[in-house]
Amino acid sequence: MKIRKIIIAVAVVLLLAAALWWRFGRGPEVAAATAARGTAVEIVYATGGVEPVRWSKVASLIRDRIVEICDCEGKPVKKGDVLARLDDRQVLAGLKELKAREDFLQREMSRVSELIARNIATTQAYERASSDLRQVQGLISVQTEKIADYTIVAPMDGVVLRRDGEVGEIAEVNQILYRVGVPKPLQVVAEVNEEDIPRVHVGQTGLFRTDAFPDRRLEGKVSDITPMGDIAAKTFRVKIALPDDTPLKPGMSVEANIVTHEKPNALLIPADAVQGNAVFVVDGAHVHKREVKIGIRGTREVEVLSGLADGEQVASPAATDLKDGVRVRVVETKP
């Protein structure tokens, strides 16, 4: 009985030792990626939105209540077409009052002219009446221009891309009520960090990513770079022209990758396999730290100029606690 207990205890210890060795003795787990040939791509990252090349924001110049608004969202309009009207009753009443004063002053000038002809009034009285009349006529011109601001019209031929406002709402000063533009062609207006802008040039390819089309290749060409950047944001505005068959729509937000350099037949490994200028090469059940020379650095892959051969495997990602020569367990091999 005692011998049986001893055997069981020894078996438990051996199983425990085997489990500990299986868990820790074989070394840490690493995933391996194989160095392979492909096209190295250097990109500049940017964020932006889709806009028509020709479009305009239509804003209110005054604060007043909307009394009329066209149901023309998505419909074509001509330059000068009425889009909305604001409540102009008060300014029209003011204009009516000014015109009544104008009529009175005109009659007053006629009366003073007759009195001057009869040597009853002086020329000073005529000049005073003339000055009052010119002042009122000036006020009428200002009031007429002010009334024009109560009618909001289309600034260009195009399509009403968006309407913001309803009858009864108060339009604030500079509040955008309409966006009018030509639906095609479209462009992406992106913001690029100032440290990256020297690498961006007209004609380069822009690749876009958006949740609306996750599996579709979307691209365009850099068409314009603003000469002056935004000092506060430390960015430059870059315009990327889109093809006519793009599925993107005005107002969509996108992430842009501007391709600044491409190199075919480059030796590539995952970017997360590199620590500084070194990689951990997987050799059987061990890893060995090796210095490499890195060329083009992409977001997902980097080019290896020297220090690594085709087909060699590297730890990816390279854990910070890996040591040269340590025993490892390769749990996954990436193509």
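The values are calculated or read from the model by the stated rules, or taken from the named source; none is laboratory data. Being a predicted model, the structure only gives us computed values, none of them experimental. Cβ: placed from backbone, ideal geometry, glycine included. Neighbour counts: every protein chain shown. Quick note on the areas: whole protein, heavy atoms, side chains included, nothing else; ligands and nucleic acids left out. Shrake-Rupley method; radii C 1.70, N 1.55, O 1.52, S 1.80 Å.
So which residues in region 110-141 are touching a helix residue (DSSP H, G or I) at 6+ places or on another chain (Cβ under 9 Å) and of a type in the set (A, V, I, L, M)?
Within region 110-141, 112, 115, 116, 120, 121, 125, 129, 133, 136, 139, 140 meet the criteria.
Looking at 162, 85 in this structure, which one is of a type outside the set (S, T, N, Q) and closer than 23 Å to residue 51 by Cβ?
None of the others qualify; the one that does is 162.
Would you confirm whether or not region 236-249 contains a residue that is open to solvent by 50 Å² or more (accessible area, probe 1.4 Å), modelled with pLDDT of 95 or more and farther than 29 Å from residue 76 by Cα?
Scanning region 236-249 turns up at least one residue that is open to solvent by 50 Å² or more (accessible area, probe 1.4 Å), modelled with pLDDT of 95 or more and farther than 29 Å from residue 76 by Cα.
Of all residues being in contact (Cβ under 8 Å) with a residue 12 or more places away in the chain and surrounded by fewer than 16 Cβ atoms within 10 Å (Cβ to Cβ) in region 196-209, which is nearest to residue 69 (Cα to Cα)? Just the residue, please.
So the residue we want is 209.
Scan region 113-126 and tell me whether some residue there is part of a strand (DSSP E or B) and open to solvent by 50 Å² or more (accessible area, probe 1.4 Å).
no
Residues are listed down the side, and each one gets a yes or a no for (1) of a type in the set (A, V, I, L, M); (2) under 17 Å from residue 180 (Cβ atoms); (3) under 54 Å from the mean Cα position of the chain (by Cα):
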position	(1), (2), (3)
59	yes, yes, yes
67	yes, no, yes
71	no, yes, yes
95	yes, no, yes
99	no, no, yes
105	yes, no, no
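For region 271-305, enumerate the residues that are of a type outside the set (D, E, K, R) and more than 35 Å from the chain's Cα centre (by Cα).
Within region 271-305, 278, 279, 280, 281, 282, 284, 285, 286, 287, 288, 292, 305 qualify.
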